[in-house]
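Peer 1: Dumping the structure here so I can ask a few things about it.
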Amino acid sequence: DIAILYFALYLMLAISFPAQELSLLFAAHVWPFSALFPVWLAIVYALDLYDLSEPPMAPAFVSRFALAILLCFLSGALFFYAVSFTSLTPKTNLILVVVLFGAMAYVWRFLFATKLSRLASWRIGLMGLRQQDEELRDLIRSLRHHGYECLDIAADDVAAQVREAHLH
């Protein structure tokens, strides 16, 4: 997220000031935003967005993520307009940094959950018909976004074979 924040700042400058020297603009903006970014990271952390066990497509995650982006914007507005010690009045720039950060952070989480975590795929075979077995299957299936795959090893066939063996 730290890299994404600074990249969002750089992109905002490139979009807002396309004909100007970006290194000078970045130098003017980096310190005020560097004071703000730890607050944003704390917001993301406080809303549990670093917990990778929940897929980013889940409604609860999406609503917490949207709340985090809103709080980042509000804290930025408060910082730049109420407590401003700098000559920067970002207006559109603040909105653009927040939107770019939100979009890139969400895409990163989505890619991690759907693509990157599957690079290390785990196939887990389960055999059994008890309630605990079903609960474990459900848990493993809920973690598909982490690359887990639950393979049923013909639990019904094995149970039938065991019963048949006991009858003979």
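Peer 1: Going through the range 18-46 one residue at a time, which ones are touching a helix residue (DSSP H, G or I) at 6+ places or on another chain (Cβ under 6 Å), among the aromatic types (Phe, Trp, Tyr) and loosely packed, with under 15 Cβ neighbours inside 10 Å?
Peer 2: Scanning the range 18-46 gives no hits.
Peer 1: Starting from the range 56-74, keep only residues that are surrounded by 13 or more Cβ atoms within 10 Å (Cβ to Cβ), then list their pairs with residues that are at pLDDT 95 or above and basic (Lys, Arg) whose Cβ atoms are within a distance under 9 Å, requiring at least 6 positions of separation or different chains.
Peer 2: none
Peer 1: Residue 162 - would you say it is over 30 Å from residue 8 (Cβ atoms), open to solvent by less than 90 Å² (accessible area, probe 1.4 Å) and either at pLDDT below 70 or part of a helix (DSSP H, G or I) (or both)?
Peer 2: Working: over 30 Å from residue 8 (Cβ atoms): yes; open to solvent by less than 90 Å² (accessible area, probe 1.4 Å): yes; either at pLDDT below 70 or part of a helix (DSSP H, G or I) (or both): yes.
Taking the combined requirement at face value, the residue satisfies it.
Peer 1: From the residues in the range 84-105 that are at pLDDT 90 or above and buried (at least 19 other Cβ atoms within 10 Å of the Cβ), which one is farthest from residue 49 (Cα to Cα)? Let's see the steps before the verdict.
Peer 2: Going residue by residue through the range 84-105, those that are at pLDDT 90 or above are 94-105.
Adding the requirement that they be buried (at least 19 other Cβ atoms within 10 Å of the Cβ) leaves 94, 97-98, 100-102, 105.
On the way: 94: 21, 97: 19, 98: 16, 100: 17, 101: 14, 102: 12, 105: 10 Å.
Applying the filter and picking the extreme gives 94.
Peer 1: I need a count of the residues in the range 27-46 that are modelled with pLDDT of 95 or more and of a type outside the set (Phe, Trp, Tyr).
Peer 2: Residues of the range 27-46 modelled with pLDDT of 95 or more: 37-46.
From what is left, the residues that are of a type outside the set (Phe, Trp, Tyr) are 38-39, 41-44, 46.
Residues in the range 27-46 being modelled with pLDDT of 95 or more and of a type outside the set (Phe, Trp, Tyr): 7 in total.
Peer 1: Among the numbered criteria (1) hydroxyl-bearing (Ser, Thr, Tyr); (2) surrounded by 15 or more Cβ atoms within 10 Å (Cβ to Cβ); (3) within 30 Å of residue 142 (Cβ to Cβ), which single criterion is violated by residue 10?
Peer 2: That leaves (3) as the condition not met.
The values are calculated or read from the model by the stated rules, or taken from the named source; none is laboratory data. What you see is a predicted model, and the numbers here were worked out from it, not measured in a lab. Cβ atoms come from the backbone with ideal geometry, glycine included; neighbour counts cover every protein chain shown. When the accessible area is computed, the model is the full protein with side chains, heavy atoms only, and any ligands, DNA or RNA have been set aside. Shrake-Rupley method; radii C 1.70, N 1.55, O 1.52, S 1.80 Å.
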